[in-house]
Amino acid sequence: MRRIAHELLAVCAGSDSSPTQPLQLSDFARWQAAFGPAQLEPALLYWKQQLHGRLQAVELPLSRPRPAVHTFTAATHQFSLGADLGARLSALAQRLDCDIEDLLLTGFKAFLRRYTGHDELVIGTSTDNRENPELENLIGPLANLLVLRTRMPARSSFETLLRRIAATRT
């Protein structure tokens with residue numbers, strides 16, 4: 001969106017030169033395809049360790065019975081936190097020296113931990129896959145789905161849990 005806005009402003013200002021993008025999506029795809037066993041083996045070992053063992057399903061109370069056959073349909077519920085709560089969460093994230101995403105994810109997992117009593121939770125999330133500054137303005141889908149498995153002993157503090165979750169997301 002930033003690049004589109006930048007180019008739109010340039011066109012409105014009468015400039016016909018658009019900024020050159022050093023990387024294209026095809027460059028990123030070639031870079032990923034060039035990964036050999038030496039680069040992939042550590043990641044594969046990490047994921048085998050993360051997903052080893054039995055993954056416990058979280059059974060939450062439902063407002064109606066589950067269908068006998070999974071339909072894989074879902075719904076979304078959008079809501080707003082409000083400016084005051086958003087500001088307080090941002091201040092807390094700054095005080096704890098963490099990303100707001102990590103703070104919210106930790107709160108969600110702590111809520112699930114308390115609600116389910118499970119010492120280990122597995123959830124899926126997405127990442128923008130743009131850790132390198134060269135990829136920030138790249139146009140194209142770079143999203144990656146991640147499985148976040150977190151061990152959460154009952155006596156863990158919120159900050160301990162936050163550090164564990166932040167380390168998993170990086």
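The values are calculated or read from the model by the stated rules, or taken from the named source; none is laboratory data. All values reported here derive from a predicted model rather than from experimental measurement. We place every Cβ from the backbone using ideal geometry, glycine too, and count neighbours over all the protein chains shown. These area figures cover heavy atoms from the full protein model, side chains too; ligands, DNA and RNA do not enter into them. Shrake-Rupley method; radii C 1.70, N 1.55, O 1.52, S 1.80 Å.
Descriptive notes on the structure:
- Shown in residue order for the stretch 150-162 are the 3J(HN,Hα) couplings computed by the Karplus curve 6.51 cos²θ - 1.76 cosθ + 1.60 at θ = phi - 60°: 10, 8, 9, x, 4, 8, 5, 7, 4, 5, 4, 4, 4 Hz (x for Gly and Pro).
- Point-to-point label distance, residue 168-residue 154, nm (Cα→Cβ direction, 7 Å offset): 2.0
- Rounded to 10°, Cα long-axis angle of helix 37-50 versus longest principal axis of the chain: 30
- Helix content alone sets the calculated 222 nm mean residue ellipticity of the chain: runs of n ≥ 4 DSSP H residues at -39500 (n - 2.57) each, divided across all residues, give -14000 deg cm²/dmol.
- Computed FRET value (nearest 0.05) for residue 10 with residue 72, which takes r as the C-beta separation and R₀ as 35 Å: 0.20
- Selected from 65, 37, 22 as most flexible by GNM, with the chain as the system and alpha-carbon contacts under 10 Å: 65
- Sparse-neighbour loop sites [GluC sites (Glu not before Pro); the stretch 90-131; at most 16 other C-beta within 10 Å; DSSP]: 131
- With Cα atoms, 0 to 90° folded angle of helix 83-95 axis to the chain main axis: 90
- Applying 1/(1 + (r/R0)^6) with r as the Cβ-Cβ distance of residue 46 and residue 80 and R0 = 41 angstrom yields a FRET efficiency of 0.70.
- Sorted peptide list for 102-108, 30-36, 73-79, criterion being average Cβ within 10 angstrom, highest first: 102-108, 30-36, 73-79
- If the segment from residue 33 to residue 92 were pulled out straight at 0.36 nm per residue, it would be longer than the present Cα-Cα gap by 17.2 nm.
- FRET efficiency, 1/(1 + (r/R0)^6) with R0 22 Å, evaluated for residue 57 and residue 145 via beta carbons: 0.75
- Projecting the Cα positions of 157, 61, 147 onto the charge dipole of the chain (unit charges on Cβ atoms of Lys, Arg, Asp and Glu, taken about the Cα centre) puts 61 furthest along the positive direction.
- Charge dipole of the chain (Cα centre as origin; +1 on each Lys and Arg Cβ, -1 on each Asp and Glu Cβ, all else neutral): 880 debye, rounded to the nearest 20.
- Rounded to 10°, Cα long-axis angle of helix 100-116 versus longest principal axis of the chain: 20
- Solvent-accessible surface ranking, highest first, for 109, 48 at 1.4 angstrom: 48, 109
- Dipole axis of the chain (+1 Lys, Arg; -1 Asp, Glu on Cβ), positive-most option in 9, 118, 23: 118
- Net dipole in debye of the stretch 42-127 [+1 Lys, Arg Cβ; -1 Asp, Glu Cβ; about Cα centre; nearest 20]: 320
- Take the chain with all the other protein chains still there, run a 1.4 Å probe, and you get 77 Å² of accessible area per residue.
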